[in-house]
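Shown next, in structure tokens, is the structure this report addresses.
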Amino acid sequence: MRRTSRLAALTAAGLAVATVASGCSFLGLGDEPGDLQVYTGRHYGSEEVFKKFTEETGITVDILSGDDAEMLERVRTEGADSPADIYMTVSAGPLWSAADDDLLEPLTSPVLDEAVPAQYRDADDRWFGLVRRARTVVYDPEKVDAKEFDATDTYAGLTDPKWKGRLCMRDLSGAYTTSLVASLIDLHGYDKTLEMVEGWLANDVEIMGNDVELLEAISAGTCEVGITNHYYLARAQAEGELEDVELYWASQKGAGVHENISGAGVVATSDAKSKAQKFLEWLATDGQDDMLEGNHEYPVNPTVPVDAAAAAFGSFTPMAVDAEAYGKLNPDAVKLLAEAGYK
Ligand SMILES: [Fe+2]
């Protein structure tokens, strides 16, 4: 990405909406510079939930959004001068990397310790999962019988030649494919995962630009089976669309479906740490419903009910989220995908 240091200038100017280089976008929710500067990889109507936080607490928020890696690089490069108070991501690996680079502040928060189960937060309380998402199989029920899927290892099962010409998958944008592959390397090792990805490609998989395009391609009959994050289908179906696409929970007789978290930590150089901590505490408790309503993910907080559109898919067993493995294996996943020729 090309980097700029325009956020501070934009914030000082109190601009409502502006775009900075490299596709990051800045959104100031009020006329004055906000109390908190949030660097976020989320791109799902985040402003609504942040506005609600401001209504309830009086703490104002500005958002800079881009992808997880861009935002991490920005915090790293800005160093002590970074205006960022919160680093928020759509996957666990970059949170682990940020903590490993000492960019996140350890928090002492009984509220977060109670709201976020241990498997969804850092052992040293430097980052916390806020919502969960599953990356699983979707299909056209008119052309595919769910019994055709390998219930033990559904991802590996898609290398079977019977799927030739029937598959759509997402490109490397947004890091979802890379995170999935990192988790598969963690599970199976590099060589077996390379074989798996090569097996997908050998089935003439059609590569789509994002999950929404992939779901639309299945609905339109371009392909029969794909892999997507569950909430893209939940969102469409909540609006009465894509009802001709069905979701299948992958690997339920094996290691479980690939699950990831969207989470956040307080930036170590923040000058508003107690407000930043309050923001995370609110998102993990009173703000959970608003987060779910916006994007149909699953709550991390076990006391919060699952939203109706996501609940319609039924329950599932997830693969354990291992942020350290996903963070450490991310470079291997990038290398593996390049080696397989996945673009
Ligand atoms: Fe997404």
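The values are calculated or read from the model by the stated rules, or taken from the named source; none is laboratory data. Nothing here was measured: the structure is a model prediction, and the numbers come from that model. For neighbour counting, all protein chains shown are included, and Cβ atoms are generated from backbone atoms with ideal geometry for every residue, glycine included. To get the accessible areas, we keep the full protein, side chains included, count just its heavy atoms, and leave off ligands, DNA and RNA. Shrake-Rupley method; radii C 1.70, N 1.55, O 1.52, S 1.80 Å.
With respect to (1) away from the ligand (no atom under 16 Å from the Cβ); (2) hydroxyl-bearing (Ser, Thr, Tyr); (3) in contact with a strand residue (DSSP E or B) (Cβ under 9 Å, 6 or more places away or on another chain), the lone exception for residue 219 is condition (3). For segment 281-307, enumerate the residues that are among the aliphatic types (A, V, I, L, M), modelled with pLDDT under 95 and farther than 15 Å from residue 88 by Cβ. 292 - this is the single residue of segment 281-307 that is among the aliphatic types (A, V, I, L, M), modelled with pLDDT under 95 and farther than 15 Å from residue 88 by Cβ. Restricting the first member to segment 208-227 and to residues that are closer than 16 Å to residue 173 by Cβ, and the second to residues that are open to solvent by 40 Å² or more (accessible area, probe 1.4 Å) and within 13 Å of the ligand (Cβ to nearest atom), the beta-carbon pairs closer than 8 Å and six or more apart or on different chains are 209/173; 210/173. Taking segment 120-205 and the helices (runs of 4 or more DSSP H) fully enclosed by it, the elements with 2 or more residues that are aliphatic (A, V, I, L, M) are at 176-188, 190-202. Of the numbered criteria (1) over 18 Å from the mean Cα position of the chain (by Cα); (2) charged (D, E, K, R); (3) closer than 19 Å to residue 96 by Cα, the one residue 324 fails is (1). Somewhere in segment 200-218, is a residue among the small types (Gly, Ala, Ser), out of contact with any Ser or Thr (no Cβ under 9 Å at 6 or more places or on another chain) and either under 29 Å from residue 306 (Cβ atoms) or open to solvent by 20 Å² or more (accessible area, probe 1.4 Å) (or both)? Checking segment 200-218: at least one residue is among the small types (Gly, Ala, Ser), out of contact with any Ser or Thr (no Cβ under 9 Å at 6 or more places or on another chain) and either under 29 Å from residue 306 (Cβ atoms) or open to solvent by 20 Å² or more (accessible area, probe 1.4 Å) (or both).
Residues that are within 16 Å of the ligand (Cβ to nearest atom) and open to solvent by 10 Å² or more (accessible area, probe 1.4 Å) within segment 69-89 comprise 69, 70, listed in sequence order. Looking only at segment 120-172, filter to residues that are among the polar types (S, T, N, Q) and under 21 Å from residue 198 (Cβ atoms); which one of those is surrounded by the fewest Cβ atoms within 10 Å (Cβ to Cβ)? Once the filter is applied, the top-ranked residue is 152. Every test in (1) open to solvent by less than 60 Å² (accessible area, probe 1.4 Å); (2) not in a helix (DSSP H, G or I) is passed by residue 303 save one, and that test is (1).
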